[in-house]
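Contents: one structure, followed by commentary.
The values are calculated or read from the model by the stated rules, or taken from the named source; none is laboratory data. What you are looking at is a predicted structure, and each value in this text was computed from that prediction instead of being measured. Virtual Cβ from ideal backbone geometry, glycine too; neighbours counted across all protein chains shown.
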Amino acid sequence: MKPISLNFIVLLSSLSLFLSHEMHGQKGTVRIHKNSQIDTLIKLKKEVNLSELNYKIQIFSGVRSGAEKAQKEFNQSFSEWHSEKQFETPNYKIWVGNFKTRLEADRALVKIKRKFSNAFYFKPKTDSTNPKQ
């Protein structure tokens with residue numbers, strides 16, 4: 001059996017002393033002072049984001065039965081984006097997503113075109129979620 005060197009014993013002793021010593025971190029409290037108008041601004045920003053006319057992708061335009069079939073197929077293939085059926089005389093259209101930027105819509109379009117080759121992105125002229133317009 002090999003004898004244990006003195007350096008090893010010193011290293012092991014100092015390591016055990018270091019690890020056995022109880023360590024304490026700084027303790028304190030954090031107080032956040034928030035202006036009451038911040039909540040109002042956040043709520044207003046959310047409303048503006050919902051009402052903005054962002055980019056959408058159209059995957060189908062045609063008869064109702066075809067639109068329902070396309071929407072069902074889309075929902076099964078792409079769960080990350082919302083789809084909606086729109087009626088613009090005389091066609092039913094399936095629109096998907098609500099992309100904030102053209103780049104975001106373009107990235108989604110690349111994925112969607114693999115399954116729906118006629119898909120394209122556009123910016124709606126009126127907000128389809130607001131019937132008053």
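Residue-level check: of (1) modelled with pLDDT of 85 or more; (2) not in a loop (DSSP other than H, G, I, E, B), residue 15 misses just (1).
Can we say residue 9 is at pLDDT 70 or above, in a helix (DSSP H, G or I), among the β-branched types (Val, Ile, Thr) and surrounded by fewer than 10 Cβ atoms within 10 Å (Cβ to Cβ)? Against the criterion (at pLDDT 70 or above, in a helix (DSSP H, G or I), among the β-branched types (Val, Ile, Thr) and surrounded by fewer than 10 Cβ atoms within 10 Å (Cβ to Cβ)), residue 9 does not qualify.
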